[in-house]
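Data block below; observations after.
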Amino acid sequence: MKKHTLWITGAGGLIGSHLAEMAPSVAPDLAPMALTRQNLDLTNHDAVARRFALDSPEMVIHCAAISDSRQCENHPELAQRVNVEATAFLAELFASRRMVFFSTDLVFDGIRGNYAEGDAPHPLGVYARTKVEAETAVLAHPQHLVIRTSLNCGTSPKGNRGFNETLATAWKQNKVTTLFVDEFRCPIPASITALATWELVLEEAQGIFHVAGSERLSRFAIGQLVANRHPELNPRIEPGSIQDYEGPPRAADCSLNCDEAQSRLSFLLPGLTEWVNTSPVAPF
């Protein structure tokens, strides 16, 4: 039987690489094509349309984005082009097919936390704003799927995408990292995000789903968990407060309520502490 072709954009990133690696075992009837910036420029709409006509993919899992908030603040036009315009073009291109789009917990302002899918977004920065605009373009097509996730950890192809990798790089350079005790997220391993995504894809879920860890942790607590895994790096972290941050606005509590996704999944979304302590392989 002919396998159904699908695109995975951002396959050189953290979540995209895990999705591509996991595909043969969880979705053997699908033939994923791993796309990176090197083999397809998503901002070149003519090139994307030509590749679409050539490959005739039945679905796209769109992971590619400029996700560094500071880069987005410094280059808002680029963020708009990559995060919004490229996404909107793909959403329209796959209008009669299927699209999965990765968004972020940062679409919320972080005032109260425990956000559910029906809560209204209120983005604070350029990155978050572009993600809200992209969500709107994707959800204009009812069969498409938006997955909002939180901080993801794990091993990426270039070793610089997971929050654990960012911290480890700083410690290797003998830097002291200041992490906020009053900024909260629901961190999740990228491998778990990928597995949950595949399950939602295979059951043809539509609309918005939150997929994040089951544990609400401060940035400082997250750093402590990573530090405990890397004593060989002599990690040094200091507690700080979001109140003292002088950069662009930051959301204090973007914890996600994942009950809707959990009701669809065959496994329990783990908390980061549980996963780190029980994973049979080194999680970082």
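The values are calculated or read from the model by the stated rules, or taken from the named source; none is laboratory data. Small disclaimer: the values here were computed from a predicted structure and weren't measured. When we count neighbours, we look across all protein chains shown, and the Cβ atoms used for this are built from the backbone with ideal geometry, even at glycine.
What do you reckon, is R81 closer than 20 Å to H45 by Cβ, touching a strand residue (DSSP E or B) at 6+ places or on another chain (Cβ under 8 Å) and surrounded by fewer than 18 Cβ atoms within 10 Å (Cβ to Cβ)? Answer is no for this residue. If the condition is being exposed (fewer than 15 other Cβ atoms within 10 Å of the Cβ) and without any contact (Cβ under 8 Å) to a residue 60 or more places away in the chain, then region 60-70 contributes only D68.
One residue is enough: does region 100-109 have a residue meeting the conditions under 26 Å from S214 (Cα atoms) and more than 16 Å from the chain's Cα centre (by Cα)? Yes, there is a match, as at least one residue in region 100-109 is under 26 Å from S214 (Cα atoms) and more than 16 Å from the chain's Cα centre (by Cα).
Quick check: anything in region 126-147 among the small types (G, A, S), part of a loop (DSSP other than H, G, I, E, B) and free of Cβ contacts under 8 Å to residues at least 12 places away in the same chain?
No - not one qualifying residue is present in region 126-147.
Among the conditions (1) under 27 Å from E238 (Cβ atoms); (2) touching a Ser or Thr at 6+ places or on another chain (Cβ under 7 Å); (3) modelled with pLDDT of 95 or more, the only one that E199 does not satisfy is (1). Considering (1) in contact (Cβ under 8 Å) with a residue 40 or more places away in the chain; (2) within 20 Å of the chain's Cα centre (by Cα); (3) surrounded by 15 or more Cβ atoms within 10 Å (Cβ to Cβ), the lone condition that P57 does not fulfil carries the number (2).
Just checking, which of T177, T104 is touching a residue at least 12 places away in the same chain (Cβ under 8 Å), among the β-branched types (V, I, T) and closer than 14 Å to H62 by Cβ?
Going through T177, T104 in turn, the sole match is T104.
Number of residues in region 207-249 that are under 20 Å from the mean Cα position of the chain (by Cα), under 23 Å from G271 (Cα atoms), of a type outside the set (A, V, I, L, M, F, W, C) and not in a helix (DSSP H, G or I) equals 6.
Checking each residue in region 105-125 for being at pLDDT below 95 and either part of a strand (DSSP E or B) or closer than 20 Å to A88 by Cα (or both) picks out only G125. Take the residues in region 152-177 that are within 30 Å of Q206 (Cα to Cα) and surrounded by fewer than 23 Cβ atoms within 10 Å (Cβ to Cβ); name whichever of them is farthest from the chain's Cα centre (by Cα). Only one residue fits best here, namely P157.
Conditions (1) in contact (Cβ under 8 Å) with a residue 24 or more places away in the chain; (2) under 25 Å from G10 (Cα atoms); (3) among the acidic types (D, E), marked per residue:
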site: Q173; (1), (2), (3): no, no, no
site: T193; (1), (2), (3): yes, yes, no
site: W198; (1), (2), (3): yes, yes, no
site: G207; (1), (2), (3): yes, yes, no
site: F220; (1), (2), (3): yes, no, no
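Report yes if some residue within region 192-204 is of a type outside the set (D, E, K, R) and exposed (fewer than 15 other Cβ atoms within 10 Å of the Cβ); otherwise report no. Yes; the residues of region 192-204 include at least one that is of a type outside the set (D, E, K, R) and exposed (fewer than 15 other Cβ atoms within 10 Å of the Cβ).
Of the residues making up region 178-187, those that are surrounded by 20 or more Cβ atoms within 10 Å (Cβ to Cβ) and either at pLDDT below 95 or part of a loop (DSSP other than H, G, I, E, B) (or both) are E183, C186, P187. Within region 131-177, the set of residues being modelled with pLDDT under 95 and hydroxyl-bearing (S, T, Y) comprises T155, S156, T166, T169, T177. Total residues in region 261-271 satisfying the condition of being surrounded by fewer than 17 Cβ atoms within 10 Å (Cβ to Cβ) and within 18 Å of the chain's Cα centre (by Cα): the figure is 1.
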